[in-house]
Amino acid sequence: MCAFDVPSPPDSLAVRRPGSVKRSCLRVATVMMLLMKSAAFAYAGPCTANIAQVGQQIRASQAAPSGPQTIDAQLGRQPTPSMLGAARQRAAAMAAAALQRARNADASGDLAACQQALDELKDIYGIE
């Protein structure tokens with residue numbers, strides 16, 4: 001029985017069809033879910049949609065984060081596998097930090113700081 005369902009009194013003449021309790025529970029759960037989603041959008045910051053859009057662009061491009069070119073690369077030196085791994089880790093950390101700054105700025109309502117962090121994130125992933 002659904003927690004929201006109120007049982008009928010024993011002397012009730014109402015006839016319940018099989019599955020009606022499950023359907024009413026499903027309806028209540030669906031309405032509650034929709035209300036919670038709308039409440040989440042009501043508290044969304046000024047940059048929430050932009051953060052979602054950049055995330056979608058990153059997923060669509062399947063790009064990996066990259067950092068600035070090193071001096072060794074400018075001198076024509078070939079990187080070792082460990083150097084490549086370290087560079088990937090630094091780029092991923094930079095991307096995570098930029099995303100966190102965007103989320104923090106969005107939560108505090110600072111649209112300019114959020115957009116600046118998203119621009120940095122786009123640069124890291126090479127997205128326009």
_Extension gain from Arg77 to Ala113, taking 0.36 nm per residue of separation minus the Cα-Cα distance_ = 9.3 nm
*asked:* Between Gln89 and Ala52, what's the calculated FRET efficiency when r is the beta-carbon distance and R0 is 30 Å? Round to 0.05.
replied: 0.70
_Going by average Cβ density within 10 Å per residue, which order do the peptides 88-100, 57-69, 112-124 take, highest to lowest?_
112-124, 88-100, 57-69
*How many percent of the alpha carbon pairs in the stretch 58-119 exceed a separation of 13 Å?*
69 percent
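None of the figures in this text is laboratory data; all of them are computed from the coordinates on show. Note that this is a predicted model, so its numbers are computed, not measured. Note that we place each Cβ from the backbone using ideal geometry, even for glycine, and neighbour counts take in every protein chain shown.
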